[in-house]
Amino acid sequence: MPARIIDGKAVAADLRGKVTDAVQRLARDHGLVPGLAVVLVGSNPASEVYVANKTKTTLGSGMRSFDHRLPETTSAAELLALVQRLNADPAVHGILVQLPLPAQIDAQEVIASIDPAKDVDGLHPINSGRLAAGLPALAPCTPLGCVILAKTVHPSLKGVDAVVIGRSALVGKPLAQLLLAEDATVTIAHSKSRDLPALCRRADLVFAAVGRAEMVGKSWIKPGATVIDVGINRLSGPDGKSRIVGDVAFAEVSEVAGAITPVPGGVGPMTIACLLANTLRAACMSAGLPPEI
Ligand code: NAP
């Protein structure tokens, strides 16, 4: 039987709807309107598209959006000064500095300068440390989205055997921590792992966050397992047109998996929805309120 397709667009729309309802309640009951500041330095075309989408979705949820566009030549000191102003601004509950940054700016220094309570990208060392320690933390949006998608198939992840391929600070590591917090048994694989296909074949849940087009094949997947594909890779076809594919060979893996996310339309839409959820959470925390969702 072909795999069930996990519809990331629908799950993301549902989450955005919950955030929108919660934003209305916060405004009505507490006079609090969550605000997200997005900082874009330079004119990377992909980043421009991401930022435009974030702004549109933020406004669509009823939150305030504060866009800051800085030239490619911006110095580290100028960007750090802007972050300090946003840290101090009570209307701003979430700060996102779009990566990558131009070469003259140290991204780690900028991330570390963001108030951890406003770090809706979840990349500040305090938040990654809290996540690793099992304490409440703002976690990165893409891994949060992956866990929500996995739970549409496995409402409880307790005892589930999960393999995460990739150990980046942005996806693989925080994803593994989130899964551990859900009581899954987690294996983190990477470029030096031995016999990756055999590691994956043991798993009930495989997350691919590698950045290698269609690397995960049918023979890697246990029949009935769930496959969450984080990869975004551009391939050019014989007609010269390019298409986006994931890290999983979707067509063949669909023949054996129990459930699978498509690319596009799987993990991608969840990332912005989780950014809104994190901003809502940061706004609630700033007012000493419990998380709304
Ligand atoms: P990254 O920082 O490049 O990390 C890739 C990871 O994959 C590394 O840990 C690397 O291992 C591992 N790896 C590379 N080649 C491998 C191989 N042959 N076998 C096993 N592991 C291998 O990438 P990332 O930021 O985590 O992103 C991963 C993918 O997700 C990319 O395609 C990216 O575009 C996509 N992504 C999507 C979203 C979304 O919203 N859908 C968000 C973020 C990222 P080492 O550590 O040993 O080098």
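For residues that are of a type in the set (A, V, I, L, M, F, W, C), in a loop (DSSP other than H, G, I, E, B) and more than 14 Å from the ligand (Cβ to nearest atom), scanning just the range 250-278, find the one that is surrounded by the fewest Cβ atoms within 10 Å (Cβ to Cβ).
Checking each candidate, the answer is V256.
Inspect the range 264-275 for any residue being touching a residue at least 12 places away in the same chain (Cβ under 8 Å) and of a type in the set (S, T, Y) and give the result as yes or no.
Yes, some residue in the range 264-275 is touching a residue at least 12 places away in the same chain (Cβ under 8 Å) and of a type in the set (S, T, Y).
Kindly indicate whether S156 is part of a loop (DSSP other than H, G, I, E, B), surrounded by fewer than 22 Cβ atoms within 10 Å (Cβ to Cβ) and within 16 Å of the ligand (Cβ to nearest atom). Give the steps one after another, and end with the answer.
Details: part of a loop (DSSP other than H, G, I, E, B): yes; surrounded by fewer than 22 Cβ atoms within 10 Å (Cβ to Cβ): yes; within 16 Å of the ligand (Cβ to nearest atom): no.
Judged against the criteria, S156 is not a match.
Of the numbered conditions (1) surrounded by fewer than 22 Cβ atoms within 10 Å (Cβ to Cβ); (2) within 14 Å of the ligand (Cβ to nearest atom); (3) not in a helix (DSSP H, G or I), G134 satisfies every one except a single condition; which is it?
So the condition that G134 fails would be (2).
Go over the candidates V186, V120 one by one and state the one that is within 16 Å of the ligand (Cβ to nearest atom) and crowded, with 23+ Cβ neighbours inside 10 Å.
From the options V186, V120, the qualifying one is V120.
Looking at the range 123-130, is at least one residue in contact (Cβ under 8 Å) with a residue 40 or more places away in the chain, in contact with a helix residue (DSSP H, G or I) (Cβ under 7 Å, 6 or more places away or on another chain), in a helix (DSSP H, G or I) and surrounded by fewer than 20 Cβ atoms within 10 Å (Cβ to Cβ)?
No: zero hits.
Could you check, for the range 100-109, whether at least one of its residues is more than 22 Å from R16 (Cα to Cα), within 16 Å of the chain's Cα centre (by Cα) and within 16 Å of the ligand (Cβ to nearest atom)?
For the range 100-109, residues more than 22 Å from R16 (Cα to Cα), within 16 Å of the chain's Cα centre (by Cα) and within 16 Å of the ligand (Cβ to nearest atom): present.
So in the range 13-59, with the set limited to residues that are out of contact with any strand residue (DSSP E or B) (no Cβ under 8 Å at 6 or more places or on another chain) and among the β-branched types (V, I, T), which one is nearest to G288 (Cα to Cα)?
In this case the residue turns out to be V23.
Residues of the range 198-219 being away from the ligand (no atom under 11 Å from the Cβ) and farther than 15 Å from A184 by Cβ, which ones?
Within the range 198-219, A198, R201, E214, G217, K218, S219 meet the criteria.
Being polar (S, T, N, Q), outside any loop (DSSP other than H, G, I, E, B), modelled with pLDDT of 95 or more and over 18 Å from the mean Cα position of the chain (by Cα) is the requirement here; does T187 meet it? Reasoning before the result, please.
Working: polar (S, T, N, Q): yes; outside any loop (DSSP other than H, G, I, E, B): yes; modelled with pLDDT of 95 or more: yes; over 18 Å from the mean Cα position of the chain (by Cα): yes.
Criteria met by T187.
Conditions tested, residue by residue: (1) touching a residue at least 24 places away in the same chain (Cβ under 8 Å); (2) part of a strand (DSSP E or B); (3) more than 22 Å from the chain's Cα centre (by Cα); (4) surrounded by fewer than 17 Cβ atoms within 10 Å (Cβ to Cβ).
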{"site": "K192", "(1), (2), (3), (4)": "no, no, yes, yes"}
{"site": "A198", "(1), (2), (3), (4)": "no, no, yes, yes"}
{"site": "R212", "(1), (2), (3), (4)": "yes, no, no, yes"}
{"site": "S219", "(1), (2), (3), (4)": "no, no, yes, yes"}
{"site": "P223", "(1), (2), (3), (4)": "yes, no, yes, yes"}
{"site": "L235", "(1), (2), (3), (4)": "no, yes, yes, yes"}
{"site": "D239", "(1), (2), (3), (4)": "no, no, yes, yes"}
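I'd like to check something: does the range 168-177 contain any residue that is modelled with pLDDT of 95 or more, more than 11 Å from the ligand (Cβ to nearest atom) and assigned to a loop (DSSP other than H, G, I, E, B)?
So far as the range 168-177 goes, no, none of its residues is modelled with pLDDT of 95 or more, more than 11 Å from the ligand (Cβ to nearest atom) and assigned to a loop (DSSP other than H, G, I, E, B).
Out of A81, A52, I need the residue that is within 27 Å of K9 (Cα to Cα) and not in a strand (DSSP E or B). Which one?
A52
The values are calculated or read from the model by the stated rules, or taken from the named source; none is laboratory data. In this text the structure is predicted, and so the values were computed from the model without any measurement. All Cβ positions, glycine included, derive from the backbone under ideal geometry; neighbour counts span all protein chains shown.
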